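The values are calculated or read from the model by the stated rules, or taken from the named source; none is laboratory data. It should be emphasised that the depicted structure is a prediction, and the values quoted were computed from it without experimental measurement. Quick reminder, even Gly has a Cβ in these numbers, built from the backbone with ideal geometry, and neighbours come from all protein chains shown. To get the accessible areas, we keep the full protein, side chains included, count just its heavy atoms, and leave off ligands, DNA and RNA. Shrake-Rupley method; radii C 1.70, N 1.55, O 1.52, S 1.80 Å.
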Amino acid sequence: MLKNRLLAGVSLLILSVSSAAFAQTAPDAAADADAMQEIVVFGRGETRQVQAITPTDMQIAVPGASPIKVIAKLPGVNYQAADPYGAYEWAVRISVRGFNQNQLGFTLDDIPLGDMSYANDNGLHISRAISSENLGVTQMAQGTGALDTASTSNLGGTLKFTSVDPDTTAGGLASVAYGSNATVRAFGRIESGEIDGGGRGYISYDYQHGNKWKGSGEQWQQQANGKFVQPVGEGTLTTMVNYSDRHENDYQDLSLALIGKFGYKLDNISDNYTLAKAIATAYQSGKAIPAPYSTPDDVYYDGAGNRQDIIGSTKLEYPINDRLSLKAMVYGHHDKGMGTWDTPYVATPAAFGGSPIAMRTTEYTVSRIGTVDSLTYTLDKHTIEGGIWFENNDFDQARRFYGLGINSPGRTADEFQDNPFFTQWQYAFNTKTYVFHLQDTWQLLDALKINYGFKSIKVDNESNTEHYTSASDIINGSIDTSKGFLPQIGFNYQLNDNSEVFGDYAKNARAFVSSHTDGPFSTTQAGFNAIKDKLKPETSDAFELGYRAHVDTFEAVAAAYYVSFHDRLLATTVGSGIQGNPSALSNVGGVTSKGVELAGTWKFVKNWSLYGSYSYNKSTYDDDTLNGDGSLYAATKGKTTVDSPKNMVKAELSFDNGMLFGAISGNYMSERYYTYIDDGKVPGYMTVDLTFGYRFQGGGWQRDLEIQGNVTNLFDRHYVSSIGTNGYTVSDPTGTFQTLQAGAPTALFVSVRKKF
């Protein structure tokens, strides 16, 4: 109790007001057309490469689309998904400048979201954190995230999401959408407007349900969001609470060989229980797998992800005096998660159903509570800001098996299960995060601004075994990440009223995670004991230099970067092979990434604009990968890193005259590797999306009424989207490693929105 009081006391001493550089709101339907076209903000005055997507761009996207899909147009961003909305978490992938998703940082209204990876042990995906209709500006920093970002995973860039503030006028928003695969989405938001005392708030609810685009199954979710802003003297007190309930049947992971044999539409056979049982029986009895399949992994009966989350915060922003302002936030997050898989490798005991198939689950609960606090002080030409972030995270993880019936399954994968017949293991993990940062923005000259500072991180990870089947399942112990000085410095120089140059350097570290399926605890006790005193956290040194131009009808940015990534972590064998030791994390060398990014918007004629971006990235491994005994694991030196396309081109032509609006966008990506020695790759591809709509101009029922159509993958391109869904492998000469997802075919959606 005393420790908590001390932490709370420190929290109130070190607080800040975050940058308002991107605190913009989208214009409403009555705004002029030029304003409506302002969907990408190029970070004018920033000391690092950064852009922001405005709510306008979220509005014209596919209803229910993940904001991750929307930021895909920004330079350097490699986004992939297996559904039209980018919401199916198993397959959603984002990488930036060669860094994958779990090496980036993500926040919502300053609340840390962890690394947003599947089965996340320290956060949740943005698609579950908030309804897309309630999102405001989304800010992307491709290489150097701001020091005040609450993340210990951001070796590379950061994504900072913000929610819209409640309106000062009472009213609301309602929308409904229908489209391909019987997808329906309904959303409603009620605004209180300003009430007595100056407060204002909103509550919203959305429901989305649709069938998978291939195979049998469904994906559905419901969300409720609430936000209230209350003036407190000269400051504000903001409280938000968001609830999410998501269930999604899986798409089957593919390989190049399976695609070649069956095509892109191969999927789980959840509509054919008889065949699924026959495959499992044949495998377990040593007989041939029923044709046309060759292995029990070609197709599974079913699988799903089920998640329930509630996340909330209370934030005080207050100007203490003319020079000193504070920000204090407390937040909490609770998650109940279960990933299900109907496995042909384990039969159900007769007492629990007798099927040759059993349902295997990985079950999670996350309980996080934390505080993000800072102070900002202005003195002459200096703006000094410092803050702390503390989080206590209890993560429970278990592997269980549930019975299926002999004649019918008796269970569906897309729901939470009960009454297991076997628990293989269960662990209780605790992670405590302590981060301090301090920075100064110095307006050295009228045209020259310098930002410099550092952050210190300490993350303590602990594992305790709650249940085990064999001694090899026991994993107890602790490990920590401690980096006392991670510096950052940047500058911005105004060449004239229309152009500027910027540059920066940052050193970052990624803390270890606490999980049995990832990180240093994803091994045996012997494996952990062998690495715990010598394992180093991953670190990176990033350099950027860029130029921005701003004229009446044209904005552009050009940036070059160089990143040196150290102490890459990979699971390899500990000790000599004859010892029979387990695989465990090892530091296996470095990665060098270098490249350029270009982006611009040209309003070439009234109501029309053209946006485009190009990025080139060369990311290669610096060293061969060795096992713990020094033997060769993979000849990776000089090879291109997995899932890092060298070339990406994005373009969008848009029109908006206040009544009619539309956009056509294209996305090209070059080939990507999914093996460490570059013998397994997927080809490049290009997709095109189309948006078109009409805003009614009359009064009465026509006021603030819009109708919109969206077509994704307009030309029905067949391609491999996400790679690495089952991880990466050293080599795949036969193309049989199943870690690929097919991109969704053409899909059409129609939506209607009305404000009231």
Of T340, T362, which residue is farther than 30 Å from Y377 by Cβ and either open to solvent by 10 Å² or more (accessible area, probe 1.4 Å) or without any contact (Cβ under 8 Å) to a residue 60 or more places away in the chain (or both)?
T362
Kindly check whether there is at least one residue in the range 708-722 that is acidic (D, E) and assigned to a strand (DSSP E or B).
no
What tally of residues in the range 613-635 results from selecting those that are crowded, with 19+ Cβ neighbours inside 10 Å, out of contact with any helix residue (DSSP H, G or I) (no Cβ under 8 Å at 6 or more places or on another chain) and modelled with pLDDT of 95 or more?
4
Select the strands (runs of 3 or more DSSP E) contained entirely in the range 184-287, then report the ones holding at least 3 residues which are among the charged types (D, E, K, R) and touching a strand residue (DSSP E or B) at 6+ places or on another chain (Cβ under 7 Å).
235-249
For the range 736-756, name all the residues that are assigned to a loop (DSSP other than H, G, I, E, B) and farther than 30 Å from K261 by Cα.
F756
Considering only residues that are farther than 17 Å from G662 by Cα and open to solvent by 50 Å² or more (accessible area, probe 1.4 Å), which ones fall in the range 705-719?
F715, D716, R717, H718
Checking A599, A560, A584 in turn, the sole residue that is modelled with pLDDT of 95 or more, of a type outside the set (K, R) and either closer than 27 Å to D656 by Cβ or buried (at least 18 other Cβ atoms within 10 Å of the Cβ) (or both) turns out to be A599
Which ones in the range 671-688 are of a type outside the set (A, V, I, L, M, F, W, C) and under 30 Å from L626 (Cβ atoms)?
E671, R672, Y673, Y674, T675, Y676, D678, D679, G680, K681
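Listed here are the residues, each with its yes/no results for (1) open to solvent by less than 10 Å² (accessible area, probe 1.4 Å); (2) touching a Pro at 6+ places or on another chain (Cβ under 8 Å); (3) under 26 Å from S499 (Cα atoms); (4) at pLDDT below 85.
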residue: S19; (1), (2), (3), (4): no, no, yes, yes
residue: V40; (1), (2), (3), (4): yes, no, yes, yes
residue: I53; (1), (2), (3), (4): yes, yes, yes, no
residue: T56; (1), (2), (3), (4): yes, yes, yes, yes
residue: W90; (1), (2), (3), (4): no, no, no, no
residue: D109; (1), (2), (3), (4): no, no, no, no
residue: D115; (1), (2), (3), (4): yes, no, no, no
Checking N211 against (1) out of contact with any Leu (no Cβ under 8 Å at 6 or more places or on another chain); (2) surrounded by fewer than 16 Cβ atoms within 10 Å (Cβ to Cβ): exactly one of these is not met. Which one?
(2)
From the list G286, G210, pick out the single residue that is among the small types (G, A, S) and farther than 18 Å from P344 by Cα.
G210
Go through (1) more than 26 Å from Y562 (Cα to Cα); (2) open to solvent by 20 Å² or more (accessible area, probe 1.4 Å); (3) free of Cβ contacts under 8 Å to residues at least 24 places away in the same chain; (4) not charged (D, E, K, R) one by one and return the number of the condition G638 breaks.
(1)
Can you spot a residue in the range 132-150 that is closer than 19 Å to T481 by Cβ, in contact with a Pro (Cβ under 6 Å, 6 or more places away or on another chain) and either part of a strand (DSSP E or B) or not acidic (D, E) (or both)?
yes
If G684 satisfies every condition in (1) without any contact (Cβ under 8 Å) to a residue 40 or more places away in the chain; (2) in contact with an Asp or Glu (Cβ under 9 Å, 6 or more places away or on another chain); (3) more than 30 Å from G589 (Cβ to Cβ); (4) not acidic (D, E) but one, which is the exception?
(3)
Any residue at all in the range 134-145 that is under 11 Å from the mean Cα position of the chain (by Cα) and crowded, with 24+ Cβ neighbours inside 10 Å?
no
Exclusive hit being at pLDDT 95 or above, hydroxyl-bearing (S, T, Y), over 30 Å from G387 (Cα atoms) and open to solvent by less than 30 Å² (accessible area, probe 1.4 Å), set S499, S463:
S499
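For (1) on the phi > 0 side of the Ramachandran plot; (2) open to solvent by less than 40 Å² (accessible area, probe 1.4 Å); (3) modelled with pLDDT under 95; (4) among the acidic types (D, E), each residue gets a yes or a no:
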position: D298; (1), (2), (3), (4): no, yes, no, yes
position: I311; (1), (2), (3), (4): no, yes, no, no
position: N321; (1), (2), (3), (4): no, no, no, no
position: K327; (1), (2), (3), (4): no, yes, no, no
position: T348; (1), (2), (3), (4): no, yes, no, no
position: A351; (1), (2), (3), (4): no, no, no, no
position: I369; (1), (2), (3), (4): no, no, no, no
position: D373; (1), (2), (3), (4): no, yes, no, yes
Single condition G410 does not satisfy, out of (1) over 30 Å from V513 (Cα atoms); (2) open to solvent by less than 30 Å² (accessible area, probe 1.4 Å); (3) out of contact with any His (no Cβ under 7 Å at 6 or more places or on another chain):
(2)
Answer from T601, T517 - the residue that is in contact (Cβ under 8 Å) with a residue 12 or more places away in the chain, touching an Asp or Glu at 6+ places or on another chain (Cβ under 7 Å) and not aromatic (F, W, Y):
T601
